[in-house]
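Report on the following structure.
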Amino acid sequence: MAKLIYVTNVSLDGYIEDERGDFAWFPPDDDVFASHTSLLQSASTLLYGRRLYEFMAVWETDATLAAQSDLWADFATAWQAAEKVVYSTTMTAALTANTTIDRHFDPAAVRELKDAATSDITVGGANLAAQALNAGLVDECQMYVWPTVLGGGKPAFPIDARADLELIDEHRFGNGVVLLRYRPAGLSR
């Protein structure tokens with residue numbers, strides 16, 4: 001059975017978006033980017049909410065990104081290769097290949113996906129991750145904590161998410177970012 005991993009960039013005060021809804025508030029860093037790419041290469045399926053999917057779709061729809069560097073090309077290749085499931089009640093057509101749109105998050109379907117998968121699955125987007133956490137589906141949280149205080153915005157964990165977590169690993173990057181890896185308490189994986 002594959003692991004379902006919630007992965008996100010988060011400010012020191014716990015936000016994944018600023019008050020304007022912007023995801024891109026952190027400066028680019030090759031080491032952090034390479035870490036994201038490594039995680040992406042280990043995943044066969046990416047679960048997204050609509051907004052995050054639309055933000056990430058440029059890795060397939062804008063070829064100039066991959067042309068900027070080998071590092072960016074590796075990320076684009078991994079992103080394009082993964083199956084993507086987008087949960088949206090408003091989206092009518094996918095923007096990218098290997099993409100399925102589901103109208104609502106179905107914990108039983110995600111459990112079946114995990115059981116059948118041979119590679120890990122990531123979930124992105126705080127609301128979607130909260131649903132997966134509340135359903136007991138998340139095996140690991142990987143939080144890239146940036147040394148930035150946003151003062152407001154969308155929290156990494158909405159107020160309806162409840163989970164006790166155990167720290168399983170941490171990694172400091174040269175730019176001050178810390179990758180914290182947690183698993184739900186009592187999970188022995």
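Residues satisfying the criterion are present in region 128-146 (criterion: within 15 Å of H36 (Cα to Cα), aromatic (F, W, Y) and at pLDDT 95 or above). Search region 98-114 for residues being in contact with a strand residue (DSSP E or B) (Cβ under 7 Å, 6 or more places away or on another chain) and exposed (fewer than 13 other Cβ atoms within 10 Å of the Cβ), and hand back the single one that is farthest from D164 (Cα to Cα). This residue is T100. Looking at region 1-49, the strands (runs of 3 or more DSSP E) lying wholly inside it that each contain 2 or more residues that are over 21 Å from G151 (Cα atoms) sit at 4-11, 43-49.
Among the residues of region 115-127, are any exposed (fewer than 15 other Cβ atoms within 10 Å of the Cβ), within 16 Å of the chain's Cα centre (by Cα) and assigned to a loop (DSSP other than H, G, I, E, B)? So far as region 115-127 goes, yes, one or more of its residues are exposed (fewer than 15 other Cβ atoms within 10 Å of the Cβ), within 16 Å of the chain's Cα centre (by Cα) and assigned to a loop (DSSP other than H, G, I, E, B). The residues of region 128-184 that are free of Cβ contacts under 8 Å to residues at least 12 places away in the same chain and under 18 Å from the mean Cα position of the chain (by Cα) amount to a single one, E170. I need the full set of residues from region 38-55 which are surrounded by fewer than 19 Cβ atoms within 10 Å (Cβ to Cβ) and touching a residue at least 40 places away in the same chain (Cβ under 8 Å), in order please. Within region 38-55, L39, S42, S44, R50, R51, E54 meet the criteria.
One residue alone among F33, F26 is among the hydrophobic types (A, V, I, L, M, F, W, C), at pLDDT 95 or above, under 20 Å from E170 (Cα atoms) and within 17 Å of the chain's Cα centre (by Cα), and that residue is F33. Taken over region 60-108, the criterion of being under 19 Å from the mean Cα position of the chain (by Cα), under 23 Å from M1 (Cβ atoms) and free of Cβ contacts under 8 Å to residues at least 12 places away in the same chain is satisfied by D106 alone.
The values are calculated or read from the model by the stated rules, or taken from the named source; none is laboratory data. Quick caveat, the model's predicted, so the values are computed rather than measured. Positions of Cβ are generated from backbone atoms using ideal geometry, with glycine treated the same way; all protein chains shown enter the neighbour counts.
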